[in-house]
1. Rank these for me by crowding, PHE125, PHE102, PHE85, going from fewest to most other beta carbons within 10 Å.
2. Evaluate the distance, in nm, between pseudo-label points positioned 7 Å from the Cα of LYS171 and of VAL93 along their respective Cα→Cβ axes.
3. Work out from phi, with θ = phi - 60° and the Karplus expression 6.51 cos²θ - 1.76 cosθ + 1.60, the ³J(HN,Hα) of each residue of region 199-214, listed in order in whole Hz, and give x for Gly and Pro.
4. For region 92-222, just say rounded, prolate or oblate: build the C-alpha gyration tensor, square-root its eigenvalues into a ≥ b ≥ c, call rounded for a/c under 1.5, and beyond that prolate if a/b exceeds b/c, oblate if not.
5. For a quick check of your reading of the filter: which trypsin sites (Lys or Arg not before Pro) in region 88-175 sit in a DSSP loop and have no more than 13 other Cβ atoms within 10 Å?
6. With 24 Å as the limit, write out which pairs from LYS171/LYS230; LYS84/LYS106; LYS147/LYS196; LYS103/LYS167; LYS140/LYS171; LYS97/LYS222 have Cα-Cα distances beyond it, or answer none.
Amino acid sequence: MAIIFIRSTITYVVLLILMRFMGKRQIGEMQPFEFIITLLISELACIPMTDVSIPLLYGLSAMLAVFILHQLMSVLEQSGKFMKFALSGKPSVVITKTGVDFKELKKNNLDVDDLIESMRSLGYFALDSVDYAIYESNGKLSAVEKKTNGEEYSPSSLPILIVKSGKPFEKNLQIASLSENDVIAIANKEGISRLKNVDVLTIDGDGNYYIQQDGRQYKTGKYVLKGGTKW
């Protein structure tokens, strides 16, 4: 029984370390150690129930080990900021008034696609529709909506991702009836000399675009789309 307890403890610790390194994409709505205990308890409960060759006491011992570890982690998390950040991570500000913070996204194993998807779930469809966006330690996105003359900001149509990390999306280029030369023209207009330096470019059906180079203030503008192009 002692061996089962020790093995469960080792498994818990290893899973906690792995979850911390995997970033916020994997966590969902729970803290890392809460997510791990959910996984372990479900597995540990199933094994002795389905495999009669394993004594029930072994399964109960493993679940007891995980419960004790969970209680210990909860106490440690409340002991101070250092332990809280070490166990659960800390919030990451991924959008500021200057634009997307690509370094923070990378730290959390996220990219612009993930950010846009998270924003859509909150009802924001354009990167410049919020002044600030923060991934909480549990992986949930919070945002401060941009106000324009005291009014809520709302894009005229759905923006689509045209360039990510210097690489154009061919399918979205076709939707917008844009060529790579059109994209280069937009970049050059905003002082970005090469396409590979564009970290993100989105454009909506009215030609309103958002473009940003890592470490620089984002820029917005309007590009005349080919006649009849609309989505």
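Each value in this text was obtained by applying a stated rule to the coordinates, not by laboratory testing. What you see is a predicted model, and the numbers here were worked out from it, not measured in a lab. Positions of Cβ are generated from backbone atoms using ideal geometry, with glycine treated the same way; all protein chains shown enter the neighbour counts.
1. With the sparsest Cβ surroundings first, the list reads PHE85, PHE125, PHE102.
2. Result: 3.5 nm between the two label points.
3. With coefficients 6.51, -1.76 and 1.60, one gets 7, 8, 9, 10, 8, 9, x, 9, x, 6, 10, 10, 9, 8, 10, 3 Hz.
4. Note, shape of region 92-222 comes out prolate.
5. Answer in residue order: LYS97.
6. Correct reply: LYS147/LYS196; LYS140/LYS171.
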